[in-house]
Amino acid sequence: MANPTHPNVGSLTITSPSLDRQSPQLEKSPIPPPPPSFAAAPRFPPEKLQGQASSPSIKTPNVLSPPNGAKTGSPVPHLSTPPGPPVFTSPVRPAAIPFRTSPASPQPVAFSSVSSLPTSSPPQFSNGSFELQHQVSDGIEQADPVGESPFVLFSAHKVLKQKKQANVPSLGFGALVSPGREVSTAPQVIQRDPHHCQSCGAYANIYCKILLGSGQWQCVICRNLNGSDSEYVATSKEDLRRFPELSSPVVDYVQTGNKRPGYVPVSDSRISAPIVLVIDECLDEPHLHHLQSSLHAFVDSLPPTTRIGIVLYGRTVSIYDFSEDAIASADALPGDKSPTQDSLKALIYGTGIYLSPMHASLPVAHAIFSSLRPYKLNIPEASRDRCLGTAVEVALAIIQGPSAELSRAGVIKRSGGNNRIIVCAGGPNTYGPGSVPHPFSHPNYPYLEKTALKWMENLGNEAHRYNTVVDILCAGTCPVRVPILEPLAKASGGVFVLHDDFGEAFGVNLQRASSRAVGSHGLLELRTSDDILVTQVVGPGEEAHIDTHDTFNNDTALYIQMLSVEETQSFSFSMETKGDIKSDFVFFQFVIQYSNVYQADISRVITVRLHTVDSISGYLQSVQDEVLAVLIAKRTLLRAKNYSDAIDMRATIDERVKDIALNFGSQLPKTKLYKFPKELSLLPELLFHLRRGPLLGSIIGHEDERSVLRNLFLNASFDLSIRMVAPRCLMHREGGTFEELPAYDLAMQSDAAVVLDHGTDVFIWLGAELAADEGRSAAALAACRTLAEELTELRFPAARILAFKEGSSQARYFVSRLIPAHKDPPYEQEARFPQLKSLSTEQRTKLKSSFLQFDDPSFCEWMRSLKVAPPEPS
């Protein structure tokens, strides 16, 4: 990992996670490129089964829950979903862009499009700074709220003072930031200009020291003394509590209509951004039937003020006209080349209506979907002409409308939220710009593929410039050539999702994609104490070129341009210390600037103070195992660009566990085994799940699925990320309650029903004995289904929910994700899976005989193979 220091933040290099390539670094780039994307998960509850039990309660005697209080899942009201039995999508989901800081020395940061941005903060300056001695109000905080912000989760709540100890690479230190996360208690709102440090640009905050007589405040980042225009003049510390920024670590500065013309404080203003559906018309009848059902349900779910457009593509592009009542009428453009300006003018300035509010066009939309017909030519799915690129260009032009003329002149129209193009694709882009030939054997295929990748990325950048997000939802059995299409979604700030078919799961994601935006025009700033160096950023953004030195001479902040601002995504920051720390605290200030869906400008300021310690034991006790595991996983997945890399990354996980034991553990007497530190007892098991699960293991077979899943994970929020790393296992009990158990194969008890939540997939397993009892199995299945829907209600992409019986072929998906603890001796089984003690001797014998023997090691066997003793269960 590179740790460059740089005086200014320059441009970042974006590396696409799905492609084994990296764009050249730009000249001014001290920080590697950050990835883009936030997804606010729309509330689209799954359909309840008949006879479903009411919301089941969960007993958690041995719950593996994050010490920081992050929620794993919660019941949410159910909305209607597309009809029909549940359909299950592949585990792969949207693409993500990571950032990666440039390994060079005093250079600007580089961002990696795979969602890893190794960045390093420029040197911090203390010019003119000094310690306040008297007449000072220390920070007016009462209890230190460190680590408790729902927007920022640190891997530890303390920082080691000694550089050599703090920078042990196997453990690492960092934070997960979720700029668009929805929280139950919103931050305090301030409707005035903030007070900035005149030296570094930091915001006044709860930890600042304040001279009560003059109102001057000392910056916690650079220690510069600043004026407040006498606003902070007070007779006592208590008087300062009336200022939200001085009494809370998280505040929102809001600039609304009185300062920005055009602001409309009406609830419906959030619906102003249009949605254009771009639909593949080269589908066979079964797929088309499912797609039509999903589309009908989708338009029925839209608010009446939402403007919608419908575009079909095959060999030509058909743009549907809503001016005809209850009739499907369309204008057509050729798909073999990009549309000319003349043809677009004729379209936009003609008599047709191509964007229409749902309250006026719902019958027409239903008529259009009903008029779709299956593909009739006898041509294989992969070889059919699809001009997806041209269709997206046309959709973008429709959204821009007449304002496109101004946009081309350099004046970009600002709307109240992200416009959205949703592509429903059933096969690869094989015709027109951005396409690749049908056969891979084409003599010029490598060159054409390279050209297509660049064209798609440029189109995505163009869409982002016009504040339009392109989501690509693929379904069916035809390979869509993910590497070609991903750059389009990624560069625009959208997502790329694979599904098994166009059924229920596709319909759920269609609805959630359309309503998930939190805001647009996002910019993330990070300022840290002099002692801290940012070494890598992974997430959905790219480096922003912000020159603030005319205003703040010593601004060393890291700036990240967010491609979209959405709830279900996050940035991970890896950090190191520059030297031994002398002070008792280090400070971090995150600022998220964005425009919300009501067109108000928000600046969310989050300031965190962490204690510094000399004691290694004290530091280890403050480590948040699950946050640390997610940070490690994101750094690891960033390098796992293909299956071969994934195998190599499993070896790095092994080395990491050994190194942590060597540096922070102790050697057991009379043995060569090292004892893993007891303070980190959960970490090894989380990493074991990572190395054998779908992210690094062999569960997923197709490289397209692996690529999409990896990109989703690199940009995912903490809640989704931790579930993708380590599944959550819940056993159904009588009365509709659930008991949380370790995710071991010992949970596969023949008289039980088990729910396994693995983030993008939720599995319901029914034991053979339970399944034989029709009444009990129906009740258990209904309760499990309800729980699965509640756990995943706000996730985007929606998790596929798969139910099966013990011994069925599909049960292998479930078994492969559980740790094979049946191979361990009984005393270790009982120590790590205490529920076994409640089984009778007959039941335990029956359970033992149900397992098949194979070579996959158990967790304890894996640890001992690394010459490390397994930690005692917590």
> How many of the residues in the range 623-644 are more than 21 Å from the chain's Cα centre (by Cα) and either farther than 19 Å from ALA175 by Cα or at pLDDT below 95 (or both)?
Replying inline: 2
>> Of all residues being farther than 19 Å from THR636 by Cβ and either of a type outside the set (A, V, I, L, M) or touching a Leu at 6+ places or on another chain (Cβ under 9 Å) (or both) in the range 652-671, which is surrounded by the most Cβ atoms within 10 Å (Cβ to Cβ)? Just the residue, please.
In response: PHE664
> Going through the range 820-830 one residue at a time, which ones are open to solvent by less than 90 Å² (accessible area, probe 1.4 Å) and not hydrophobic (A, V, I, L, M, F, W, C)?
Replying inline: PRO820, HIS822, LYS823, ASP824, PRO825, PRO826, GLU828, GLN829, GLU830
>> Condition check: charged (D, E, K, R) and closer than 21 Å to ALA821 by Cβ. Does GLU774 satisfy that?
In response: no
> Do we have HIS702 as open to solvent by 10 Å² or more (accessible area, probe 1.4 Å), of a type outside the set (Phe, Trp, Tyr) and over 22 Å from LYS823 (Cα atoms) here?
Replying inline: yes
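A quick yes/no check of all residues on (1) out of contact with any helix residue (DSSP H, G or I) (no Cβ under 7 Å at 6 or more places or on another chain); (2) open to solvent by less than 20 Å² (accessible area, probe 1.4 Å); (3) aliphatic (A, V, I, L, M):
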| residue | (1), (2), (3) |
| --- | --- |
| THR737 | yes, no, no |
| PRO742 | no, no, no |
| MET748 | yes, no, yes |
| VAL754 | no, yes, yes |
| GLY767 | yes, yes, no |
| ASP773 | yes, no, no |
| ALA788 | yes, yes, yes |
>> I'm trying to understand the selection: among the residues of the range 695-751, which are farther than 21 Å from GLY493 by Cβ, in a loop (DSSP other than H, G, I, E, B) and within 28 Å of the chain's Cα centre (by Cα)?
In response: LEU695, LEU696, GLY697, SER698, ILE699, ILE700, GLY701, HIS702, ALA726, PRO727, PRO742, ALA743
>> Can you find, within the range 367-387, the residue that is farthest from PRO303 (Cα to Cα) among those that are open to solvent by less than 30 Å² (accessible area, probe 1.4 Å) and touching a Cys at 6+ places or on another chain (Cβ under 8 Å)?
In response: ARG384
> Do we have PHE587 as open to solvent by 10 Å² or more (accessible area, probe 1.4 Å), modelled with pLDDT under 90, within 21 Å of VAL220 (Cα to Cα) and aromatic (Phe, Trp, Tyr) here?
Replying inline: no
> When residues of the range 214-238 are filtered for being in contact with a Ser or Thr (Cβ under 9 Å, 6 or more places away or on another chain) and either assigned to a loop (DSSP other than H, G, I, E, B) or at pLDDT below 90 (or both), how many remain?
Replying inline: 17
> Any idea which residue in the range 380-389 is farthest from the chain's Cα centre (by Cα), counting only those that are part of a helix (DSSP H, G or I) and over 14 Å from ASN458 (Cβ atoms)?
Replying inline: SER383
>> Being modelled with pLDDT under 95 and closer than 20 Å to ILE819 by Cα: is that true of LEU712 here?
In response: no
>> So in the range 167-184, with the set limited to residues that are open to solvent by 20 Å² or more (accessible area, probe 1.4 Å) and out of contact with any Asp or Glu (no Cβ under 6 Å at 6 or more places or on another chain), which one is modelled with the lowest pLDDT?
In response: SER184
>> Filter the range 833-855 down to the residues that are more than 25 Å from LEU770 (Cα to Cα) and either in contact with a strand residue (DSSP E or B) (Cβ under 9 Å, 6 or more places away or on another chain) or at pLDDT 90 or above (or both) and list them by number.
In response: none
> Residues of the range 345-366 being in a helix (DSSP H, G or I) and open to solvent by 30 Å² or more (accessible area, probe 1.4 Å), which ones?
Replying inline: LYS345, ALA346, ILE348, HIS359, ALA360, LEU362, PRO363, HIS366
> Condition test on ASP342, is it closer than 29 Å to SER435 by Cα, open to solvent by 30 Å² or more (accessible area, probe 1.4 Å) and of a type in the set (Asp, Glu)?
Replying inline: yes
>> One residue is enough: does the range 180-202 have a residue meeting the conditions more than 29 Å from the chain's Cα centre (by Cα), in a loop (DSSP other than H, G, I, E, B) and basic (Lys, Arg)?
In response: yes
> Only one of TYR813, TYR827 is at pLDDT 90 or above and among the aromatic types (Phe, Trp, Tyr); which?
Replying inline: TYR827
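So that you can scan it fast, the table gives a plain yes or no per residue for (1) in contact with a helix residue (DSSP H, G or I) (Cβ under 6 Å, 6 or more places away or on another chain); (2) open to solvent by 50 Å² or more (accessible area, probe 1.4 Å); (3) closer than 30 Å to LYS670 by Cα; (4) of a type in the set (A, V, I, L, M, F, W, C):
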| site | (1), (2), (3), (4) |
| --- | --- |
| SER809 | no, yes, no, no |
| ARG832 | no, no, yes, no |
| LEU839 | no, no, no, yes |
| LYS846 | no, yes, no, no |
| ASP855 | no, yes, yes, no |
| PHE859 | yes, no, yes, yes |
| SER874 | no, yes, yes, no |
> Out of all the residues in the range 837-851, is one or more in contact (Cβ under 8 Å) with a residue 40 or more places away in the chain, within 19 Å of ALA726 (Cα to Cα) and not in a strand (DSSP E or B)?
Replying inline: no
>> Being crowded, with 22+ Cβ neighbours inside 10 Å, among the β-branched types (Val, Ile, Thr) and farther than 22 Å from VAL177 by Cβ narrows it down to one residue among VAL480, VAL537; which is it?
In response: VAL480
>> Any residue that is open to solvent by 10 Å² or more (accessible area, probe 1.4 Å), out of contact with any strand residue (DSSP E or B) (no Cβ under 6 Å at 6 or more places or on another chain), part of a helix (DSSP H, G or I) and modelled with pLDDT under 90 - is there at least one of those in the range 430-441?
In response: no
>> Quick check on the range 802-816. Is at least one of its residues more than 19 Å from LEU741 (Cβ to Cβ), in contact (Cβ under 8 Å) with a residue 12 or more places away in the chain and either under 26 Å from the mean Cα position of the chain (by Cα) or part of a helix (DSSP H, G or I) (or both)?
In response: yes
> Within the group SER617, SER564, SER603, which residue is touching a residue at least 60 places away in the same chain (Cβ under 8 Å), crowded, with 23+ Cβ neighbours inside 10 Å and small (Gly, Ala, Ser)?
Replying inline: SER564
>> Here's a check for you: in the range 297-316, which residue that is within 27 Å of the chain's Cα centre (by Cα) and hydroxyl-bearing (Ser, Thr, Tyr) is surrounded by the fewest Cβ atoms within 10 Å (Cβ to Cβ)?
In response: SER301
> Out of (1) buried (at least 24 other Cβ atoms within 10 Å of the Cβ); (2) at pLDDT 90 or above; (3) assigned to a loop (DSSP other than H, G, I, E, B), what's the single condition that is false for ASP501?
Replying inline: (1)
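The values are calculated or read from the model by the stated rules, or taken from the named source; none is laboratory data. This structure is a prediction, so every number in the text was calculated from the model and none was measured. Glycine also receives a Cβ, built like all others from the backbone with ideal geometry; neighbour counts cover every protein chain displayed. Side chains included, ligands, DNA and RNA excluded: accessible areas come from the protein's heavy atoms. Shrake-Rupley method; radii C 1.70, N 1.55, O 1.52, S 1.80 Å.
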